[in-house]
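This report concerns only the one structure given below.
The values are calculated or read from the model by the stated rules, or taken from the named source; none is laboratory data. Quantities reported herein were computed from a predicted structural model and do not represent experimental measurements. Reconstructed Cβ throughout: ideal geometry from the backbone, glycine too, with neighbour counts over all protein chains shown. Keep in mind that these areas ignore ligands, DNA and RNA; they rest on the heavy atoms of the full protein, side chains included. Shrake-Rupley method; radii C 1.70, N 1.55, O 1.52, S 1.80 Å.
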Amino acid sequence: MTAQSIPHHIAIVMDGNGRWANKRFLPRIAGHKQGVDVLKRCVKACDARGVRVLTVFAFSSENWKRPTDEVSGLMDLFAFALSREVPQLKADGVRLHFIGERQGLSARVLKSIDQAEAVTRENSSLTLNVCFNYGGRWDIVQAAEKLAAQGIAVTEPHMSQAMALSHVPDPDLVIRTGGELRISNFLLWQSAYSEFVFVDTLWPDFDDRALDSAIAEFSG
Ligand code: FPP
């Protein structure tokens, strides 16, 4: 594969963790745990292929509607996974950014987010944007509010600068695993010109081959 055919920025809706667990008669959180391991491998695989930015949808504004034990399980997993993985991500040169609304997140989660961002601030190999308590509409509204508060005209370039992902170019490729053909309030503004690849593979089964085939579909 030539360097030109590798997307600079890949964004992923990591769907299918629950179904992966159900198929194995496991609690849904087991699917999310497997999902974290798969994300870890995916970060390495993207870096090895020359992808510079990876953005993942880890917790949507709508995910609060899930059963309380699944929400608290996801929060615990998130904080735990960050504390466990950040040293290796730091060593691998990965820079972490968290995108989303901070209001509503626990002090523990906020602390793990702040630490992960601080510890990896100097890194410059791959940028990993984790969308957490995120919604595409929220992002558009917060950008418009920011401009209004500063008395800046609402234009496309100004909006792009005020959006939560303004530190990276828009995604070239958006992948959704899990077989659903919808965008679910992910990167509504930034995916205007992206290529979309929808795969039936459940996120916990998404391996290097699945990544390569999504990239090949993008290149084609
Ligand atoms: C969607 O599957 C997946 C999620 C709501 C959570 C994804 C989160 C992770 C993989 C953890 C991220 C952690 C870090 C540290 C970045 P689903 O539950 O909607 O699956 P289903 O469609 O089969 O029910």
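State whether one or more residues within region 65-78 are within 13 Å of the chain's Cα centre (by Cα), open to solvent by less than 70 Å² (accessible area, probe 1.4 Å) and within 11 Å of the ligand (Cβ to nearest atom). Yes, that holds for at least one residue. Taking region 1-111 as the region of interest, the strands (runs of 3 or more DSSP E) fully inside it that hold 3 or more residues being among the aliphatic types (A, V, I, L, M) and touching a strand residue (DSSP E or B) at 6+ places or on another chain (Cβ under 9 Å) are 9-13, 53-60.
Filtering region 182-220 to residues that are part of a loop (DSSP other than H, G, I, E, B), more than 16 Å from the ligand (Cβ to nearest atom) and touching a strand residue (DSSP E or B) at 6+ places or on another chain (Cβ under 9 Å) leaves Q190, S191, S194.
Within region 24-39, if we keep just the residues that are among the basic types (K, R) and in contact (Cβ under 8 Å) with a residue 40 or more places away in the chain, the residue that is nearest to the ligand (Cβ to nearest atom) turns out to be R28. Checked against (1) of a type in the set (A, V, I, L, M); (2) open to solvent by 20 Å² or more (accessible area, probe 1.4 Å); (3) touching a residue at least 40 places away in the same chain (Cβ under 8 Å), A11 passes all but a single condition, namely (2).
Considering region 112-131, the residues that are in a strand (DSSP E or B) and either out of contact with any helix residue (DSSP H, G or I) (no Cβ under 7 Å at 6 or more places or on another chain) or among the polar types (S, T, N, Q) (or both) include one that is nearest to the ligand (Cβ to nearest atom), namely V130.
For first residues located in region 104-129 and without any contact (Cβ under 8 Å) to a residue 60 or more places away in the chain and buried (at least 20 other Cβ atoms within 10 Å of the Cβ), partners that are part of a strand (DSSP E or B) and acidic (D, E) and lie 6+ apart or on another chain with Cβ distances below 7 Å do not occur. Would you confirm whether any residue within region 162-185 is touching a residue at least 24 places away in the same chain (Cβ under 8 Å), open to solvent by 50 Å² or more (accessible area, probe 1.4 Å) and in contact with a Pro (Cβ under 6 Å, 6 or more places away or on another chain)? Looking for residues that are touching a residue at least 24 places away in the same chain (Cβ under 8 Å), open to solvent by 50 Å² or more (accessible area, probe 1.4 Å) and in contact with a Pro (Cβ under 6 Å, 6 or more places away or on another chain), one finds at least one in region 162-185, hence yes.
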